[in-house]
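What follows is a set of notes on a single structure, which appears directly below.
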Amino acid sequence: MGGILYNSSGLPTFTLTGLPGLENSQHWMFLLLGTLYIVSIVGNGLILFIVKEAQSLHQPMYYFLSLPSVNDLGVSFSTLPNVLATFCFHLRKISFDSCMVQMFFFHFCSLMQSGVLLVMSFDRYVAISNPLCYTTMLKDFRVICMAPQVITRSFCMVFPLPFLLKRLTFCKASVLSHAYCLHSDLIHLPSDDITINNIFGLIIVMSIFCLVSVLIVFSLELILCSVLAIASQEERLKTLNTCVSHLCAVLIFYVPMVGVSMTARDGRHAPGFVHTVLSLIYLFVPPMLNPVIYSIKTKEIRRRLVRMLVGTKF
């Protein structure tokens, strides 16, 4: 990668990557990506609106269901301008500061999502193993206290990333592998020593994603043991059905994330479109499917959504 070198004071410009060969499909790409964004934003917005307006849903379980929707909206709004500009209008340049801001909010929302999934796992375990004590153990004020802890943890882990990147020297031809800014993509571009960045990224992966993933798997195992301890098979299936939406949320979050991470680290010889397609799956699939899953599998939300669509009062 050659060209004139820029340090942090020069604020280099990055080039985002779209799908080659689609230059003449501008209108179709705008229609497709615009529809995906609208589905994500409207779906998650409806979840938040229903939980806010329905007094009967002001319970810990539904507060927890609202948090992924907040995260998904953050991911959608932080990436929408650049993705549409890259794919639909072929405006591929992004300034250093804009890239850092987008990277911060994208990874901040991703880290929050992992924490939210862990809290939701705890919520489901308490609801299944101690249903009589559920409302006592998870009072509203305890739920409200959990959210700032997840937010603070995510913020403290992501906050140093832009500053660690800003101290490095980038080449003029800084072409990213995706249509939005990811730390795993940016870290390969500098010509300086990136040992500190690699160490800090490893700390984030180990302390957040790996640890949280292990805790989520452990909580799911506890949930399964609690379900199997129920004598009645009918009650067993009914109880297990309440956890299906959470299990699906875990899978649709972690599977695309692992795919993008593995491709970024070990797939340097893979075709360029593989990186782009995986990054789009990571960007669109979880925000689109989460509201669909919660609407289908959560009876109260489904019922109120149907009432709202047919014009009936809550």
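The values are calculated or read from the model by the stated rules, or taken from the named source; none is laboratory data. Remember, it's a predicted structure, so these values are computed and weren't measured experimentally. Please note: Cβ atoms are built from the backbone with ideal geometry, for glycine as well, and neighbour counts cover all protein chains shown.
Tabulated results
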read-out	value
Condition met for residue 289 (crowded, with 20+ Cβ neighbours inside 10 Å and modelled with pLDDT of 80 or more)	no
Close pairs from region 299-314: first outside any helix (DSSP H, G or I), partner of a type in the set (Asp, Glu) and at pLDDT 80 or above, Cβ under 6 Å, at least 6 apart	none
Residue within region 193-215 that is more than 22 Å from the chain's Cα centre (by Cα) and in contact (Cβ under 8 Å) with a residue 40 or more places away in the chain present	no
All positions within region 121-167 that are of a type in the set (A, V, I, L, M), touching a Ser or Thr at 6+ places or on another chain (Cβ under 9 Å) and more than 25 Å from residue 182 (Cβ to Cβ)	127, 128
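Yes/no per residue for (1) crowded, with 16+ Cβ neighbours inside 10 Å; (2) of a type outside the set (Asp, Glu); (3) at pLDDT below 80:
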{"site": "52", "(1), (2), (3)": "no, yes, no"}
{"site": "81", "(1), (2), (3)": "no, yes, no"}
{"site": "97", "(1), (2), (3)": "no, no, no"}
{"site": "107", "(1), (2), (3)": "yes, yes, no"}
{"site": "119", "(1), (2), (3)": "yes, yes, no"}
{"site": "136", "(1), (2), (3)": "no, yes, yes"}
